[in-house]
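In what follows, a single structure is set out as structure tokens and then discussed.
The values are calculated or read from the model by the stated rules, or taken from the named source; none is laboratory data. None of these values were measured; they are calculated from a predicted model. Here the Cβ positions follow ideal geometry from the backbone for every residue, glycine too, while neighbour counts run over all protein chains shown.
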2 protein chains.
Amino acid sequence: MLRQSTMRLTGLSVQLKLLVRAKAFSTSSTRYANRAVVYTETGNPADVLRVQSYDPLPSPPSDSVNIRFYFSPINPSDINLVQGVYPAKPAQLQLSAEQQAFVGGNEGVAEVVDVGNAVQGLRKGDRVVVGKPQFGTWSSSRVVPAQDLIKLPSSGLSDVNAATIIVNPPTAYNMLHSFVELQEGDWVLQNGANSAVGQAVIQIAARKGIKTINFVRNRPDLDNLISALAELGATHVFTYDALGDKSLVKHVKQWTSDRPIRLMLNCVGGRDTTAMTRLLGENAHLVSYGAMSKQPLSLPTSQFIFKNLTAHGYWQNRWYNEHTRQEREELMRTITDLQLKEPEHEVLDLSNESSDEAATQRLRDIFVKMEQGFGKKVLLRL
Amino acid sequence: MLRQSTMRLTGLSVQLKLLVRAKAFSTSSTRYANRAVVYTETGNPADVLRVQSYDPLPSPPSDSVNIRFYFSPINPSDINLVQGVYPAKPAQLQLSAEQQAFVGGNEGVAEVVDVGNAVQGLRKGDRVVVGKPQFGTWSSSRVVPAQDLIKLPSSGLSDVNAATIIVNPPTAYNMLHSFVELQEGDWVLQNGANSAVGQAVIQIAARKGIKTINFVRNRPDLDNLISALAELGATHVFTYDALGDKSLVKHVKQWTSDRPIRLMLNCVGGRDTTAMTRLLGENAHLVSYGAMSKQPLSLPTSQFIFKNLTAHGYWQNRWYNEHTRQEREELMRTITDLQLKEPEHEVLDLSNESSDEAATQRLRDIFVKMEQGFGKKVLLRL
């Protein structure tokens, strides 16, 4: 029966694997079994991802700790990695002596449950995140070298904020601090302002008295979105349609008076992004961290030559690779102190599902919902 | 008769101006009259430019000197300014008490012929260039504030090199030095390699043991061009057609072995430029100083995010505006010491023409030739 229902979802080719899975399932199916969201080949997440139980962890090696994730978010870049269109290597997980698979997830909050003999600075019960990109956080228990962990402050940060702290808030924070030395009263321009990064940008900028001009897509509940972003601290919010209005440049000049806009953050690309750069002043920096339109970044060369525009990219993964554990922990403390609002979220708790197949079905349902535009951040609990 | 022949060229609307010109001509038509290439409205250079005599200069004010240009080149950006598509303000020239006009030209070599009482550091006979963009160098004698002049070394530099020293060689030199710290054995990628800047890039790079991969347009005499650029020091020369060859990336990787290409210089834009960026390594800098294709610079956002590409513009005008007279003179000494090859050139001597109209006709003929693809640098002598 189990076999049949899963075969309906993924086709005949998985038959052999299912035999192996049935075995694994039979040996570790308890309330506290380990589960992970895994895949063996890239593709559409609703087709290739499955929830699978795996063996309990042994005690950790002397330089490592065992951790137990309690929330692991599903981010757009996680989906791209499963689709095979994101330039990073997925993590692998040993499910049993005979079986290995890719495991998804780039961030999540965990608790230390067992500590290796030689580990210093980490204790059972500490709240941690993994400071190494593409760790495979869509899993319940894992063994991790202590040096790859970042201990979070024990208070001042909700578990939801902790689960979503490693990618988006640092992206926002570092983009606001690494390219232009912004002063109170300065202006920042951004698109995709409703993204997790965009919302963090609005909040971090507002904390420092930096004003933001934000662009979002038009939508039925636009007024609500504008109110929500204004509440976070957005100075102005527009849809991309406003870029067709020739008076916009004039208005922007009035608002900013003698402070030319010197920083623009882009996660969209394409024609609207090109149009937005007309609002920039001389010597501005355009920082791209995403390409939601799937269109290239296309700019008149005159912007570079005569307005001295500089175009950069930003990738938080690179930052982690280039910084020490101390620097990573310092950044986490800085983000914690900012007291960012929790993202709107929904928890998908798969830990109590009676079978991996039932859990897989619920997981796939949520990916279908996300494809259809479900907007809240989904936090997995495995 | 004079009036008629000129009217044939520019139409009836200029009739009134010609009456004024005829007067000016009659008062200053000697062998040593001042002449300038002027225009009163922007447009096609072969239509709107004219040669006009003007009054002899009075003695200079105490803080200024009178100079006499002997060579003033015609550069592409000069043409763009006359066309009205270059974002700079043309210089104005007082032709007589009653008449003023725009005067073209951004560089040229001159001799000091008269020195104001309070001027220090400049003497009659000194060879100078004007360190202020858009001075209007297509003129014979001019009064210039001493602080705007850059004295050139008296030896080690031909007059032709001196006439073309202020724009292109410093553009090449500064682009090679301001964005990436290049070491001997490093590689630089450039397009438009046959441009004046491109040729200077090849030579300056070769002097420092830096290797260049150069792209040029296909043309009937391609082999000659490749030989000429190789003689200047080019490591490799390709046409843009080579970008369609998938093995190029592999070849480039072999040549450069473990040194990823970190600097690309672009004066073209459009699709070929996008394709060239695939040859760049991580953390590269793309510096644009021209847009000969008239196409935008269009790049996949992934280049910025995942390969950490940075795109800049370079404009020598800005450099001059942001640097002191001492720094400008230091740069000229540096360029002089590089002993760059003289550009291929032709001198258009209009100083001995019997009339402004005859001089205008010769001038317009050369602009028509340049439109048709005449490739040598034209140096005006007025």
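Numbers at a glance
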{"read-out": "Conditions (1) more than 19 Å from residue B:200 (Cβ to Cβ); (2) facing another protein chain (nearest Cβ under 10 Å); (3) crowded, with 19+ Cβ neighbours inside 10 Å: number failed by residue B:267", "value": "(1)"}
{"read-out": "Wholly enclosed strands (runs of 3 or more DSSP E) of the range B:33-116 bearing at least 1 residues touching a Gly at 6+ places or on another chain (Cβ under 8 Å) and small (Gly, Ala, Ser)", "value": "B:34-39, B:64-74, B:91-94"}
{"read-out": "Count - residues of the range A:293-322 that are under 30 Å from residue B:77 (Cα atoms) and of a type outside the set (Gly, Ala, Ser)", "value": "14"}
{"read-out": "Hits in the range A:362-378 (condition: assigned to a helix (DSSP H, G or I) and of a type in the set (Lys, Arg))", "value": "A:362, A:364, A:369"}
{"read-out": "Residue in the range B:270-293 that is nearest to the other protein chains (Cβ to nearest Cβ), counting only those that are outside any helix (DSSP H, G or I) and either closer than 19 Å to residue B:241 by Cα or free of Cβ contacts under 8 Å to residues at least 12 places away in the same chain (or both)", "value": "B:291"}
{"read-out": "Meets criteria (surrounded by fewer than 16 Cβ atoms within 10 Å (Cβ to Cβ), polar (S, T, N, Q) and under 19 Å from residue A:382 (Cα atoms)) for residue A:52", "value": "no"}
{"read-out": "Residue B:132 being assigned to a loop (DSSP other than H, G, I, E, B), under 25 Å from the mean Cα position of the chain (by Cα), of a type in the set (Lys, Arg) and crowded, with 18+ Cβ neighbours inside 10 Å", "value": "yes"}
{"read-out": "Matching entry among B:287, B:252 (being among the β-branched types (Val, Ile, Thr), out of contact with any Lys or Arg (no Cβ under 8 Å at 6 or more places or on another chain) and over 30 Å from residue A:174 (Cβ atoms))", "value": "B:252"}
{"read-out": "Residue match in the range B:317-329 (condition: in contact with a strand residue (DSSP E or B) (Cβ under 7 Å, 6 or more places away or on another chain), of a type outside the set (D, E, K, R) and either in the same structural domain as residue B:198 (by TED's automatic domain parsing) or not in a strand (DSSP E or B) (or both))", "value": "no"}
{"read-out": "Count of the range A:58-94 residues which are under 20 Å from the mean Cα position of the chain (by Cα), exposed (fewer than 14 other Cβ atoms within 10 Å of the Cβ) and farther than 25 Å from residue A:374 by Cβ", "value": "3"}
{"read-out": "Evaluation of residue A:311 against (1) among the small types (Gly, Ala, Ser); (2) buried (at least 19 other Cβ atoms within 10 Å of the Cβ); (3) more than 12 Å from chain B (Cβ to nearest Cβ) (one fails), failing number", "value": "(3)"}
{"read-out": "The range B:303-316: number of residues that are of a type outside the set (A, V, I, L, M, F, W, C) and part of a loop (DSSP other than H, G, I, E, B)", "value": "3"}
{"read-out": "Test: residue in the range A:274-286 that is under 23 Å from residue B:315 (Cβ atoms) and among the acidic types (Asp, Glu)", "value": "yes"}
{"read-out": "Some residue of the range A:345-352 being among the aliphatic types (A, V, I, L, M) and either within 14 Å of chain B (Cβ to nearest Cβ) or farther than 26 Å from residue A:380 by Cβ (or both)", "value": "no"}
{"read-out": "Residue in the range B:314-337 that is surrounded by the fewest Cβ atoms within 10 Å (Cβ to Cβ), counting only those that are without any contact (Cβ under 8 Å) to a residue 40 or more places away in the chain and either among the β-branched types (Val, Ile, Thr) or within 7 Å of chain A (Cβ to nearest Cβ) (or both)", "value": "B:324"}
{"read-out": "Residue under evaluation residue A:367, criteria (1) closer than 24 Å to residue A:139 by Cβ; (2) outside the structural domain of residue A:154 (by TED's automatic domain parsing), criterion not met", "value": "(2)"}
{"read-out": "Filter pass, residue B:182 being touching a residue at least 40 places away in the same chain (Cβ under 8 Å), surrounded by fewer than 19 Cβ atoms within 10 Å (Cβ to Cβ), hydrophobic (A, V, I, L, M, F, W, C) and out of contact with any Cys (no Cβ under 9 Å at 6 or more places or on another chain)", "value": "yes"}
{"read-out": "Failed condition for residue B:370, given (1) touching a Pro at 6+ places or on another chain (Cβ under 6 Å); (2) more than 23 Å from residue B:206 (Cβ to Cβ)", "value": "(1)"}
{"read-out": "Among (1) more than 19 Å from the chain's Cα centre (by Cα); (2) closer than 28 Å to residue A:374 by Cα; (3) crowded, with 24+ Cβ neighbours inside 10 Å - the single one residue A:142 does not satisfy", "value": "(2)"}
{"read-out": "Residue that is farthest from the chain's Cα centre (by Cα) [pool: residues in the range B:270-282 that are surrounded by 14 or more Cβ atoms within 10 Å (Cβ to Cβ) and within 19 Å of residue B:180 (Cα to Cα)]", "value": "B:281"}
{"read-out": "Among (1) modelled with pLDDT under 90; (2) out of contact with any Lys or Arg (no Cβ under 8 Å at 6 or more places or on another chain), the one test that residue B:125 misses", "value": "(1)"}
{"read-out": "Enumeration of residues in the range B:79-135 that are in contact with a helix residue (DSSP H, G or I) (Cβ under 7 Å, 6 or more places away or on another chain) and among the basic types (Lys, Arg)", "value": "B:127, B:132"}
{"read-out": "Test: residue in the range A:230-252 that is more than 14 Å from chain B (Cβ to nearest Cβ), assigned to a helix (DSSP H, G or I), surrounded by 13 or more Cβ atoms within 10 Å (Cβ to Cβ) and under 22 Å from the mean Cα position of the chain (by Cα)", "value": "yes"}
{"read-out": "Matching residues, the range A:340-361, being assigned to a loop (DSSP other than H, G, I, E, B) and either touching a Gly at 6+ places or on another chain (Cβ under 7 Å) or surrounded by fewer than 18 Cβ atoms within 10 Å (Cβ to Cβ) (or both)", "value": "A:341, A:342, A:344, A:351, A:352, A:353, A:354, A:355"}
